[in-house]
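Each remark here refers to the structure printed beneath this line.
The values are calculated or read from the model by the stated rules, or taken from the named source; none is laboratory data. Nothing here was measured: the structure is a model prediction, and the numbers come from that model. Cβ placement follows ideal geometry from the backbone for every residue including glycine, while neighbour counts extend to all protein chains displayed.
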Amino acid sequence: MTNESPLAAPAGLATGEIDGARPCYCVDPGRLQRLQHLIGDL
């Protein structure tokens, strides 16, 4: 993910862990699908 990852993690869209000196973030597919559904309902 990009530099926006630290914003996505508190929003629940990504999970992260520290790998050495760098944080590694991964998208939570279930949360992303939920967000897409909510946006689609607008």
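Output the number of the condition that Met1 fails; it satisfies all remaining conditions of (1) out of contact with any Phe, Trp or Tyr (no Cβ under 7 Å at 6 or more places or on another chain); (2) surrounded by 11 or more Cβ atoms within 10 Å (Cβ to Cβ); (3) modelled with pLDDT under 75; (4) not small (Gly, Ala, Ser).
Of (1) out of contact with any Phe, Trp or Tyr (no Cβ under 7 Å at 6 or more places or on another chain); (2) surrounded by 11 or more Cβ atoms within 10 Å (Cβ to Cβ); (3) modelled with pLDDT under 75; (4) not small (Gly, Ala, Ser), only one is false for Met1: (1).
What's the number of the condition Arg31 fails, among (1) at pLDDT below 85; (2) not in a loop (DSSP other than H, G, I, E, B)?
With respect to (1) at pLDDT below 85; (2) not in a loop (DSSP other than H, G, I, E, B), Arg31 is out only on (1).
Residues of the range 19-33 being hydrophobic (A, V, I, L, M, F, W, C) and touching a residue at least 24 places away in the same chain (Cβ under 8 Å), which ones? Working first, answer last.
To start, the set of residues in the range 19-33 that are hydrophobic (A, V, I, L, M, F, W, C) comprises 21, 24, 26-27, 32.
If the condition is that a residue be hydrophobic (A, V, I, L, M, F, W, C) and touching a residue at least 24 places away in the same chain (Cβ under 8 Å), then Cys26, Val27 are the ones that fit.
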